[in-house]
Amino acid sequence: MSLETSNLQEKVLQLVHKTGQSVFVTGKAGTGKTTLLKKIMDTTIKNTAVVAPTGIAALNAGGVTIHSFFQIAPATYIPDPQFYPQQNSYQKIESLYSLNKVFSLSAAKKDVIRNLELLIIDEVSMLRADLLDAINFVLQKIRRNRQAFGGVQVLFIGDLFQLPPVVKNEEWEILQRYYPGMFFFQAKCLVNHMPVYIELKTIYRQSDALFIKILNNLRNNTFVADDKKILESYIKPDFQLLDNPGYIFLTTHNYKADNINQTALSQIKGKDYFFKAEIEGEFPDKIFPMEEVLTLRKGAQVMFTKNDISGEKKYFNGKIGKITTLSENEIVVTCEGDNHPITVDKYEWFHKKYEVNENTKDVEEKVLGSFVHYPLKLAWAITVHKSQGLTFDKAVIDVADVFQPGQAYVALSRLRSLGGLVLKSDFELPPLSISSDIKTFSDLEPQEDQLGMFIRQGSKTYLLHYLLKTFDFSEGTAIWKKYVSENGHEPANSPAGKYIPQIREALLVWEKTSLVAVQFSNWLKQYFSVEQDKTLLKEKINGAFHHFFALLDPMEENLLTWMTEISFIKRSKTLFNELAEIEDIVLTQILRMHKAIYLTDMWVNDSEPDKNRMEDDFFKTYRSKKLEKVRQKVKESRLDVDS
């Protein structure tokens, strides 16, 4: 029994929002994977980061590359802690041993990873198993958590029948000793922690039943003689691209696409206009979403490279048209079948990183740089690789020199219908030799009633784990004691020694609070072990928040006061950072307890997450208001001393 895509999307949202279960979302081209990713990002209340294997894929997904987020260098990763790293002229080999020896992250990046709750990996078809094992290692190490991915929920998104992981022969000679294959689901970290497999079924790009059947057969390696015969009826070896406006040529190599585009442009008489991107801040050229300088002529065939964000849906990513008006300050494109020409506005792409908001402990995006340009490119030709995610009404496809399994499927699936297809030559498609591995993985797809069970059980387990972590004060106890141990013998008139009596007193309060929290955690375990009245839990969590907040709130204020006072003392950065580490623990405890009220309420009422309701005034302003109060108090006391 299969699920309709709309229902499946809701199931995915519930799994992501309400459970800690990792999920793999797949689907044929045009089933709405990108739309679902955007919806998740718009609605999730979890601290989330989006990563992808390549710079362009990361930019399109609104995230960052895997390598930049985890600070993992491109290499072959051996999942063996005893394997000593090697390096030669043609490949770099790392292992868990070498990662453990040399791996390091800045304090800011560690902070992001420790506060991370949801990791989304897009275009996962290109993610290698060894790299996923390296990601798992980094998350476990930084978070000091031996659970899979250090306890972070992972959402994998991609179509395994499209572009596969790239593995060189010399790399595979080594990796085959450890892996049966290189797809992400063959990573060792997933052996006992497979994600819930969900395939979106409804295809939005195509409605032609015959075309959909051919694409499915091609994708599933069941392409037969009848399918080939139908496609062969679209072979037109003498088809002239330049005599047929609106068609785009899909080829396998960049140089071929570039040559076709430049040749076609040179045959148009007229003046060249040059449009240069406006680049601000940090935006590496290797992730430019398009050419820095766009060369156009009136009459050129162009393609939009983004969807219309105005809400008017005048164009979409892949829509082809002709430049009918062109000046230094204006580009107007006319598309076949449209009633009105389109005046093209510039679009802004962002290069970003993730950081933790010190006041709310939210993982937030920080823009490092921007790239502003007209979202257009010459559209007589494009490579199959760069066509991923695009939709065409008309295309000329040359699959004669397809060199990767899945490329023919990617190329053909860009089209809305067979009516817009032209094939340049006869073809023999390479077999999808890896499909048996994918088939075995896809057999894990659950039925509808199983998904419902996953959500019900998963939401209960997720809430219990969240509450137990929230009321676990042990990590804070260790940090408080470490500070007292390292600074307890400092002279009373030294900056560190001055605060030791207050710190010792606060530590006693913390330890007593911790004992009460242990008792409450035991009650939580007992409550969740049997079916009980949900309203009772709601009352208990609200009561616990008010009880513990009354003890932690003055602690937070004192720590902010001491940190503010220390900030005026020269050469006291180390002391400030030590107290900041304790303050971070106290603040996190308070904010988690506040969030626990909302999560409990959501579970009790079986409601959907609401960012605005969860991130209320307390959550957003608690620390900033208290810090403002403390700074004013310290300022006044300093003025009294000076006077």
Test result for residue 529, hydroxyl-bearing (Ser, Thr, Tyr) and open to solvent by 20 Å² or more (accessible area, probe 1.4 Å): yes
Scope segment 293-342; condition open to solvent by 70 Å² or more (accessible area, probe 1.4 Å) and of a type in the set (Val, Ile, Thr); matching residues: 309
Residue 426 vs. criteria open to solvent by 40 Å² or more (accessible area, probe 1.4 Å) and either under 30 Å from residue 222 (Cβ atoms) or touching a strand residue (DSSP E or B) at 6+ places or on another chain (Cβ under 7 Å) (or both): yes
Condition broken by residue 61, with the remaining ones in (1) modelled with pLDDT under 90; (2) open to solvent by less than 30 Å² (accessible area, probe 1.4 Å); (3) in contact with a strand residue (DSSP E or B) (Cβ under 9 Å, 6 or more places away or on another chain); (4) more than 26 Å from residue 386 (Cα to Cα) satisfied: (4)
Tally, over segment 135-181, of residues that are open to solvent by less than 10 Å² (accessible area, probe 1.4 Å), hydrophobic (A, V, I, L, M, F, W, C) and in contact with a strand residue (DSSP E or B) (Cβ under 9 Å, 6 or more places away or on another chain): 10
Condition met for residue 48 (in contact (Cβ under 8 Å) with a residue 60 or more places away in the chain, of a type outside the set (Asp, Glu) and open to solvent by 20 Å² or more (accessible area, probe 1.4 Å)): no
Residue 30, sole failed condition from (1) open to solvent by 40 Å² or more (accessible area, probe 1.4 Å); (2) in contact with a Phe, Trp or Tyr (Cβ under 9 Å, 6 or more places away or on another chain); (3) not acidic (Asp, Glu): (1)
Complete set of residues in segment 221-249 that are in contact with a Ser or Thr (Cβ under 7 Å, 6 or more places away or on another chain) and either surrounded by 14 or more Cβ atoms within 10 Å (Cβ to Cβ) or of a type in the set (Ser, Thr, Tyr) (or both): 221, 235
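One line per residue, one yes/no per condition, for (1) small (Gly, Ala, Ser); (2) assigned to a loop (DSSP other than H, G, I, E, B):
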residue: 437; (1), (2): no, no
residue: 445; (1), (2): no, yes
residue: 455; (1), (2): no, no
residue: 460; (1), (2): no, no
residue: 478; (1), (2): yes, no
residue: 481; (1), (2): no, no
residue: 489; (1), (2): no, yes
residue: 502; (1), (2): no, no
Residues of segment 538-556 classified as in contact (Cβ under 8 Å) with a residue 24 or more places away in the chain and open to solvent by 30 Å² or more (accessible area, probe 1.4 Å), total: 6
Helices (runs of 4 or more DSSP H) lying entirely in segment 29-74 (those with 1 or more residues that are more than 11 Å from the chain's Cα centre (by Cα) and of a type in the set (Lys, Arg)): 33-43
Residues of segment 182-201 satisfying the condition of being at pLDDT below 85 and open to solvent by less than 40 Å² (accessible area, probe 1.4 Å): none
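When only residues in segment 622-643 that are open to solvent by less than 50 Å² (accessible area, probe 1.4 Å) and modelled with pLDDT of 90 or more count, which is farthest from residue 534 (Cα to Cα)?
First, the residues of segment 622-643 that are open to solvent by less than 50 Å² (accessible area, probe 1.4 Å): 622-624, 626-627, 630, 634.
Keeping just the survivors that are modelled with pLDDT of 90 or more gives 622-624, 626-627, 630.
Numbers: 622: 28, 623: 31, 624: 34, 626: 34, 627: 37, 630: 39 Å.
Looking at residues that are open to solvent by less than 50 Å² (accessible area, probe 1.4 Å) and modelled with pLDDT of 90 or more, I get 630.
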Residue within segment 397-408 that is out of contact with any Cys (no Cβ under 8 Å at 6 or more places or on another chain), crowded, with 21+ Cβ neighbours inside 10 Å and modelled with pLDDT of 85 or more present: yes
Meets criteria (open to solvent by 10 Å² or more (accessible area, probe 1.4 Å) and modelled with pLDDT of 85 or more) for residue 19: no
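How many residues does segment 339-364 hold that are among the aromatic types (Phe, Trp, Tyr) and touching a Gly at 6+ places or on another chain (Cβ under 8 Å)? Give the steps one after another, and end with the answer.
Filtering segment 339-364 for residues among the aromatic types (Phe, Trp, Tyr) gives 347, 349-350, 354.
Adding the requirement that they be touching a Gly at 6+ places or on another chain (Cβ under 8 Å) leaves 350.
Matching residues across segment 339-364 total 1.
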Total residues in segment 467-477, condition at pLDDT 90 or above and open to solvent by less than 70 Å² (accessible area, probe 1.4 Å): 7
Candidates 210, 215 - the one that is within 30 Å of residue 436 (Cβ to Cβ) and surrounded by fewer than 16 Cβ atoms within 10 Å (Cβ to Cβ): 210
Test: residue 584 is at pLDDT below 95, of a type in the set (D, E, K, R), surrounded by 14 or more Cβ atoms within 10 Å (Cβ to Cβ) and under 17 Å from residue 564 (Cα atoms): yes
Filtered residue count, segment 250-284, keeping only those that are within 30 Å of residue 338 (Cβ to Cβ), open to solvent by less than 60 Å² (accessible area, probe 1.4 Å) and within 31 Å of the chain's Cα centre (by Cα): 4
Answer from 535, 513 - the residue that is in a helix (DSSP H, G or I), open to solvent by 20 Å² or more (accessible area, probe 1.4 Å), of a type in the set (Ser, Thr, Tyr) and touching a residue at least 40 places away in the same chain (Cβ under 8 Å): 535
Selection from segment 221-235 of residues that are part of a loop (DSSP other than H, G, I, E, B) and modelled with pLDDT of 90 or more: 233, 234
Selection from segment 343-367 of residues that are surrounded by 13 or more Cβ atoms within 10 Å (Cβ to Cβ), farther than 30 Å from residue 105 by Cβ and of a type in the set (Val, Ile, Thr): 344
Qualifying residue in segment 589-597 (condition: open to solvent by 20 Å² or more (accessible area, probe 1.4 Å) and free of Cβ contacts under 8 Å to residues at least 60 places away in the same chain): yes
Cβ pairs under 8 Å, 6+ apart, first in segment 137-164 and under 16 Å from residue 466 (Cα atoms), second among the acidic types (Asp, Glu): 152/117; 153/117
Qualifying residue in segment 485-499 (condition: modelled with pLDDT of 90 or more, more than 20 Å from residue 585 (Cα to Cα) and open to solvent by less than 20 Å² (accessible area, probe 1.4 Å)): no
Extreme residue, farthest from residue 413 (Cα to Cα), among residues of segment 342-387 that are small (Gly, Ala, Ser) and modelled with pLDDT of 90 or more: 369
Some residue of segment 137-148 being at pLDDT below 85 and touching a Leu at 6+ places or on another chain (Cβ under 9 Å): no
Output for segment 375-394, where each listed residue is in contact with a Ser or Thr (Cβ under 9 Å, 6 or more places away or on another chain) and either part of a loop (DSSP other than H, G, I, E, B) or open to solvent by 10 Å² or more (accessible area, probe 1.4 Å) (or both): 375, 377, 378, 380, 384, 385, 389, 390, 393
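The values are calculated or read from the model by the stated rules, or taken from the named source; none is laboratory data. This one's a predicted model, so the numbers in the text were calculated from it and none came from an experiment. Please note: Cβ atoms are built from the backbone with ideal geometry, for glycine as well, and neighbour counts cover all protein chains shown. Please note that ligands, DNA and RNA were not included when accessible areas were found on the heavy atoms of the full protein model with its side chains. Shrake-Rupley method; radii C 1.70, N 1.55, O 1.52, S 1.80 Å.
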